[in-house]
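The values are calculated or read from the model by the stated rules, or taken from the named source; none is laboratory data. Being a predicted model, the structure only gives us computed values, none of them experimental. Please note: Cβ atoms are built from the backbone with ideal geometry, for glycine as well, and neighbour counts cover all protein chains shown.
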Amino acid sequence: MKQKLFFSFLAGLIVSAFAVSLTLGLQEASARPNGAGIVHLVLFSVTDGVTEAEAQQLLGSAVANLGKVNGVKNLRAGNVTSRNKSDYPYGFIMEFDDQAALESYGGDPLHTGWVQREFRPKMGKVLVIDLNIP
């Protein structure tokens, strides 16, 4: 029974991730030359005391700073507008050509510096999903 509930939850999470990716304005995979790649989705909440204006500034900062990292494509950020109540009201999404580009991004000083300097001090819950789009 627990396993069935877990898989139901997981399926719902994946469907929600796809819905959020469309909400945030992700271009269709077929728009890329070969249609393949990695989609990196970060959903998050902010800590108590962070205002809506500060959360919006954080989204803008993500686009301005993370968009400079080599290999990042189609970076978008915004508020989650799912009909279901979400524990993650904000998110950003980006694409990479392949797993190697995603891994390079993870260790890039522009990325790690932004996370330490701007994201971690304000983040609450975080959910990261990487989808391999064949």
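Here are some notes:
- Residue pairs whose Cβ atoms lie under 9 Å apart, sitting 6 or more positions apart in sequence or on different chains, and linking a residue in segment 74-92 that is in contact (Cβ under 8 Å) with a residue 40 or more places away in the chain to a partner that is part of a loop (DSSP other than H, G, I, E, B) and among the β-branched types (Val, Ile, Thr), are 86/80; 88/80; 89/80; 90/80; 91/80.
- Within segment 48-87, the set of residues being crowded, with 17+ Cβ neighbours inside 10 Å, part of a loop (DSSP other than H, G, I, E, B) and modelled with pLDDT of 95 or more comprises 69, 71, 72.
- Restricting attention to segment 88-111, the residues that are polar (S, T, N, Q) and either part of a loop (DSSP other than H, G, I, E, B) or surrounded by 13 or more Cβ atoms within 10 Å (Cβ to Cβ) (or both) add up to 1.
- Residue match in segment 1-24 (condition: outside any helix (DSSP H, G or I) and either at pLDDT 50 or above or more than 22 Å from residue 101 (Cα to Cα) (or both)): yes
- Total residues in segment 96-129 satisfying the condition of being of a type outside the set (S, T, N, Q) and closer than 14 Å to residue 36 by Cβ: the figure is 6.
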